[in-house]
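Computed from the coordinates by the stated procedures, all read-outs in this text should not be read as laboratory data. Bear in mind that the values here come from a model prediction, so they are computed numbers and not experimental data. Because the Cβ atoms are built from the backbone with ideal geometry, glycine has one as well, and the counts that use them run over all protein chains shown.
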Amino acid sequence: MDVSGSVGSHWPEEKQFAIDLVETIGLSQSGGHVSVILFDHKSTLDIKFTDFFTNKEFETKLHALKHRKGGTEIATALNLTLTEMFQETNGMRPANPQTCVLMTDGKSNSAVDFKHFKNSFQAANIKLLVVGIGKNLDAGLADLVQTSDDFVIVKDFAALNANDFFEKTTMCD
């Protein structure tokens, strides 16, 4: 399984959630792989699927990433996810199930065609899961997912819990 994540502002809590998710999946050469895009007013592919094959290596790199401040551009992050992250050149394995977890705590500064992105992820055979944190969220985020189980909202970052997330969602079909 290849799993990606896109994260924003409450950095320590988001890092821990990502680490907990990866620990549940378990990274290895022949098993789970992970990739990370950070986004604010811009998006960057910070960890590729081929960068790390152990949970410890991933955790070390994740802790080294610096939090950036500045806006929320969800469309930019989703576009980069499709055009760069989930590409064979960056370690995506087409024969394996593909899952993307988008985490956001805000509304996008620019318009987002959520249904277009839903269709694009479906066409690419990438299951998209969304974690919304707080009350200030785009109403269209629910339009990104295939089922209501793929969209989880928590009241604040303290409520993020990887075990609860795994109970409520299905990472792979």
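Taking amide H as placed 1.01 Å from N in the peptide plane, Ser35 has its amide H under 5 Å from the amide H of Val3, Ser4, Gly5, each at least 5 places away in sequence or on another chain. Result for the chain in a Gaussian network model with C-alpha springs under 10 Å: among Val154, Val36, Val130, the largest mean-square fluctuation is at Val154.
Using only Cα atoms, locate the centre of segment 64-100 and the centre of segment 110-173, then give the distance between them in Å, rounded to an integer. Spelled out, the Cα-based centre of one part sits 15 Å from the other. In the chain, the calculated helix contribution to ellipticity at 222 nm averages -8500 deg cm²/dmol per residue, counting -39,500 (n - 2.57) for every DSSP H run with n ≥ 4.
Straightening the chain between Asp149 and Asp51 buys 32.3 nm, computed as 0.36 nm per residue apart minus the Cα-Cα spacing. Qualifying trypsin sites (Lys or Arg not before Pro) in segment 32-84, where qualification requires a DSSP coil assignment and no more than 10 other C-beta atoms within 10 Å, comprise Lys66, Lys69.
Can you compute log10 of I(q)/I(0) for segment 78-173 with the Debye formula, treating each Cα as one identical point scatterer, at q = 0.17, 0.21 Å⁻¹? Each listed q maps to, in turn, -0.78, -1.13.
Relative to its residue count, segment 53-129 spans a Cα convex hull of 119 Å³ per residue. Computed from the alpha carbon positions, the gyration tensor of segment 1-144 leads to an equivalent ellipsoid with semi-axes of 23, 18, 13 Å, biggest first.
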